[in-house]
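The values are calculated or read from the model by the stated rules, or taken from the named source; none is laboratory data. Small disclaimer: the values here were computed from a predicted structure and weren't measured. Reconstructed Cβ throughout: ideal geometry from the backbone, glycine too, with neighbour counts over all protein chains shown. Areas reflect the complete protein model, heavy atoms only, side chains present, ligands, DNA and RNA absent. Shrake-Rupley method; radii C 1.70, N 1.55, O 1.52, S 1.80 Å.
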Amino acid sequence: MLTHRRLREPWHREMQRFGSVWLWLSFRCLSCAVATALALLLLNSMTLRAAEHAPDPGPAMSGSLVLYSAVGESQQAQLQATRVHFEISGLVAVVRLEQAFYNPGSHFMEGVYAFPLPEEAAVRRMELHVGERLIVGEVRERTEAERRYQVARDAGRNASLIAQQRPNLFTNRIANIAPGDAIRVTLEYVQPVQIRQGEFSLRFPSTLTPRYFPGEPLASTLDETLVFGADHGWARPTDQVRDADAVSPPQYSQPGRATRPLNPLRLSATLDMGMPLAEVDAPYHDIAMTRRAGVYHIELSQGVSEMNRDFVLRWRPVSDAMPGAAWFTERVGSDYYGVLMLVPPAAPDRSERPHREIVFVVDTSGSMGGESIEQARASLIHALTALGPRDRFNVVAFNNSVTPLYRAPVPASAEHLRRATRFVRSLRASGGTEMSAALRMALKPAAGVDELHGSLLLSQVVFMTDGAVGNEQALFAEIQSLLGDRRLFTVGIGSAPNSWFMRKSAEFGRGTYTYIGKLDEVEARIAELLSQLARPASINLRVQWPQSVEAFPNRLPDLYAGEPLALAVHFGTSLPAGEVLISGEHASGVWQRRLSLDSSTQPEGLSQRAGIASVWARRKIASLMDGRYSGLGEQALRQAVLPVALRHHLLSPYTSFVAVESAVVRTPGKPLVVRALPNTRPQGQSPQAYAYPQTATSAPAKVWLGSFALFVALLLRALRQPECDRRVSQTA
């Protein structure tokens, strides 16, 4: 006790001597910390106001509608039903998406909602039902559609506007919904069926993984009225993503914990392939199925499901029923359109496997948290175990920064693989999604020649990510400029990946896109991918038509094992007579296949399919939009795309659907208030510290931590200063 008292006595004397200084420094430190905290709170609240805005819209989710009155009141519309019906026939599905809402408030409302669709969806019809009234949408040039909507909204008329923000992300705005009125929005779109490894599939996204937006916020958006205007979400436009505000609907802050779905989806499908099927399955949902006269009727087994992950339907014909070729046509007006599907012949495997150089790139950003990073780790480990001793490889992880395992690809020796496995198992999800630097590292010039064996290397990149980025166009341009002779294969991870980015990247990279939606799919899907990595099944494809046609894709891709050639064709005013000749090369040499175009030779019911023309038009628009990577300017793109979209009544980057009722239902008054609304968090995604994204950057957290550390350091300095002065005095 005596020693303790002796230690304390000098401290009390120094406190009395320097008490005023200590209090002054403490006050200054505390003031700085509080000021910094308040500034950060203000900045954070401005950035995330769309997600946590006032007034709070409540638990709105993807595809649901939040209503806002002219007096600023907000409330969630009661969701009556969300229904999706697929009419699948041959290689095309015609889909009808219907969402019903009810306005229980006492004021006229305006609503805005965002919803994803398949990246190849050709949206060709929109209807708006308000009470007993039906308003049919028209396709107009985008600025004209927006003008008509604004005029109708301000005049007190019912109106709806649907616009494409990305090929797989759309927004809908509805004006002047009367109190007590029920409204129903119906969209019809066409999408092609996917085929791979003898398996047909169709995908419907019901939610989305929010995107990451690189770049600096634009100075012109610092005005709050500009940042959080009619369409704006949680993100500010940046110098790299100028429409970030339009493609960042905030995320619903609480996952579905209710006893019933918060955002219910009712789904049905009619599957008529005209051939016996060995298997029909929905891997991520439970379904009930009946069959009558070879036609399958499918529904969700529980009737409804939460809209928190993609719905995928897969089916496989019996082994001897899978066609080697299929040919479908449609006549629209005086024009004929067609879809051609051909499975190339398999070459006998007589040659040894080529030497490969594979770079695995894995996304470890915050949006990959939860189940996604587990799937990515499992996928990488399965891929590493399949490497042979003559292969070379590397693993590159990225989020805000890029972390390569090795400085350059190394031989797949036992020691290198053990180190790679340890590296993969240590991966955790955090930080931003800076893909550009990762692509540049992965697409560095390849070794070219295997120094050990003196043979050419097959250089490939496998890119594993959820694709949660907003600067897709810049990344596509980077892929095209850096790819060279390499092949890029993409693996989509998670419940709701950005499949447009994944599929388009693989298309530019002359590879394939693989989707892994849950852990128990990893082994089978990675095995399929690795078999494709061994070598293309067919290259240098050529198609000779008996007459001049316009076919897409106009640049034929390499085909890999289990992948068919699928072409959408416009013939003009008459169907061609004769044969189409398809040829290509595989490991054993050249192959050829002839297919008769005479519709009279087709089996009954297989020659005509609705939606073929829409598929062709959508692919032509996508091909025209790719012209920006060869230097085509925005005005030239618009002039090329607009006539196709208007003629085929399709949504596009330059066209929108608008529906306007003639009767005035509301006396014009104050402008209606519009906000972005939250989406359902994809199933299995980890909670984020901010509305979204914690994946975007850890800078706010670092600033907070730095401010706190500075405060502690200054406080400690203030506390230690009297003792230091005393020691200096004693020394003197």
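Within the range 422-434, count every residue that is outside any loop (DSSP other than H, G, I, E, B), open to solvent by 30 Å² or more (accessible area, probe 1.4 Å) and touching a residue at least 12 places away in the same chain (Cβ under 8 Å).
The first filter runs over the range 422-434 and keeps only residues outside any loop (DSSP other than H, G, I, E, B), leaving 422-425.
After this cut, where a residue has to be open to solvent by 30 Å² or more (accessible area, probe 1.4 Å) as well, the list is 422-423, 425.
Restricting the remaining residues to those that are touching a residue at least 12 places away in the same chain (Cβ under 8 Å) gives 423, 425.
Here the count works out to 2.
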Which residue pairs have Cβ atoms under 8 Å apart, sit 6 or more places apart or on different chains, and have a first residue in the range 524-535 that is touching a residue at least 24 places away in the same chain (Cβ under 8 Å) and over 15 Å from E199 (Cα atoms) and a second that is open to solvent by less than 60 Å² (accessible area, probe 1.4 Å) and assigned to a helix (DSSP H, G or I)? I526/S379; I526/A383; L530/A383
Looking at (1) open to solvent by 20 Å² or more (accessible area, probe 1.4 Å); (2) closer than 24 Å to Q683 by Cα; (3) modelled with pLDDT under 95, which is the only condition A408 fails? (2)
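For every residue, the table says whether it meets (1) open to solvent by 10 Å² or more (accessible area, probe 1.4 Å); (2) assigned to a strand (DSSP E or B); (3) out of contact with any Pro (no Cβ under 9 Å at 6 or more places or on another chain).
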site: R140; (1), (2), (3): yes, yes, yes
site: T143; (1), (2), (3): yes, no, yes
site: R148; (1), (2), (3): yes, no, yes
site: V151; (1), (2), (3): yes, no, yes
site: A159; (1), (2), (3): no, yes, yes
site: I162; (1), (2), (3): no, yes, yes
site: N172; (1), (2), (3): no, yes, yes
site: N176; (1), (2), (3): no, yes, yes
Could you please give the count of residues in the range 474-503 that are open to solvent by 40 Å² or more (accessible area, probe 1.4 Å) and of a type in the set (D, E, K, R)? 3
Within the bounds of the range 629-642, is there any residue that is open to solvent by 20 Å² or more (accessible area, probe 1.4 Å), outside any helix (DSSP H, G or I), at negative phi and of a type in the set (A, V, I, L, M)? yes
Check off (1) surrounded by 20 or more Cβ atoms within 10 Å (Cβ to Cβ); (2) under 28 Å from L134 (Cα atoms); (3) at pLDDT 85 or above for T186 and give me the number that stays unchecked. (1)
Give me the pairs, please: first residue somewhere in the range 235-261 and assigned to a loop (DSSP other than H, G, I, E, B), second residue anywhere and hydroxyl-bearing (S, T, Y) and at pLDDT 65 or above, beta-carbon distance under 7 Å, and either six or more positions apart or on two chains. A235/S248; P261/S305
Kindly indicate the residue of the range 265-280 that is open to solvent by less than 30 Å² (accessible area, probe 1.4 Å) and closer than 26 Å to Q165 by Cα and also modelled with the lowest pLDDT among those meeting that condition. L265
Residue under question is R236, and the condition is that it be basic (K, R), under 23 Å from E472 (Cβ atoms), within 18 Å of the chain's Cα centre (by Cα) and at pLDDT 70 or above; does it hold? no
Filter result for L606 (under 20 Å from P192 (Cα atoms), open to solvent by less than 50 Å² (accessible area, probe 1.4 Å), among the hydrophobic types (A, V, I, L, M, F, W, C) and modelled with pLDDT under 90): yes
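One line per residue, one yes/no per condition, for (1) buried (at least 23 other Cβ atoms within 10 Å of the Cβ); (2) touching a residue at least 60 places away in the same chain (Cβ under 8 Å):
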residue: L97; (1), (2): no, yes
residue: N103; (1), (2): yes, yes
residue: S106; (1), (2): no, yes
residue: G111; (1), (2): yes, yes
residue: A121; (1), (2): yes, yes
residue: E127; (1), (2): no, yes
residue: G131; (1), (2): no, no
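For every residue, the table says whether it meets (1) more than 30 Å from R392 (Cβ to Cβ); (2) out of contact with any Phe, Trp or Tyr (no Cβ under 8 Å at 6 or more places or on another chain); (3) surrounded by fewer than 18 Cβ atoms within 10 Å (Cβ to Cβ).
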{"residue": "P536", "(1), (2), (3)": "no, no, no"}
{"residue": "P546", "(1), (2), (3)": "yes, yes, yes"}
{"residue": "R555", "(1), (2), (3)": "no, yes, yes"}
{"residue": "P564", "(1), (2), (3)": "yes, yes, no"}
{"residue": "L581", "(1), (2), (3)": "yes, yes, yes"}
Based on what the data block shows, is V522 within 30 Å of L581 (Cα to Cα) and among the β-branched types (V, I, T)? no
Pick from the range 300-314 the residues that are in a strand (DSSP E or B) and not hydroxyl-bearing (S, T, Y): which of them is surrounded by the most Cβ atoms within 10 Å (Cβ to Cβ)? L313
From V395, V424, residue being in contact with a Lys or Arg (Cβ under 9 Å, 6 or more places away or on another chain) and under 15 Å from D363 (Cβ atoms): V424
With respect to R525, determine if the residue is in contact with a strand residue (DSSP E or B) (Cβ under 8 Å, 6 or more places away or on another chain) and closer than 18 Å to G470 by Cβ. no
List the pairs whose first member sits in the range 551-574 and is farther than 16 Å from E330 by Cα, whose second member is modelled with pLDDT of 90 or more and in a loop (DSSP other than H, G, I, E, B), and whose Cβ atoms are under 6 Å apart, counting only residues at least 6 apart or on separate chains? Y560/T512
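If you go through the range 321-342 one residue at a time, do you hit one that is farther than 30 Å from S596 by Cβ and aliphatic (A, V, I, L, M)? Give the derivation first.
Here is the first cut: in the range 321-342, the ones farther than 30 Å from S596 by Cβ are none.
No, the range 321-342 contains no residue that is farther than 30 Å from S596 by Cβ and aliphatic (A, V, I, L, M).
Looking at the range 521-528, is at least one residue surrounded by fewer than 22 Cβ atoms within 10 Å (Cβ to Cβ) and either touching a Leu at 6+ places or on another chain (Cβ under 7 Å) or aromatic (F, W, Y) (or both)?
Of the residues in the range 521-528, the ones surrounded by fewer than 22 Cβ atoms within 10 Å (Cβ to Cβ) are 521, 523-525, 527-528.
Still in the list and also either touching a Leu at 6+ places or on another chain (Cβ under 7 Å) or aromatic (F, W, Y) (or both): none.
Looking through the range 521-528, none of the residues is surrounded by fewer than 22 Cβ atoms within 10 Å (Cβ to Cβ) and either touching a Leu at 6+ places or on another chain (Cβ under 7 Å) or aromatic (F, W, Y) (or both).
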Working only within the range 197-217, note down all residues that are over 21 Å from the mean Cα position of the chain (by Cα), at negative phi and open to solvent by 10 Å² or more (accessible area, probe 1.4 Å). E199, E216, P217
Filtered residues of the range 320-336 (kept if farther than 9 Å from L277 by Cα, small (G, A, S) and either under 31 Å from the mean Cα position of the chain (by Cα) or not in a strand (DSSP E or B) (or both)): G324, A326, G333, S334
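Quick check on the range 281-297: of everything there that is farther than 20 Å from V522 by Cβ and within 26 Å of the chain's Cα centre (by Cα), which residue is least open to solvent (accessible area, probe 1.4 Å)?
By that ranking, first place goes to I287.
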Inside the range 110-166, can you point out the residues that are of a type in the set (K, R) and touching a Leu at 6+ places or on another chain (Cβ under 6 Å)? R124
Given the criteria closer than 30 Å to L624 by Cβ and modelled with pLDDT under 90, does S538 qualify? yes
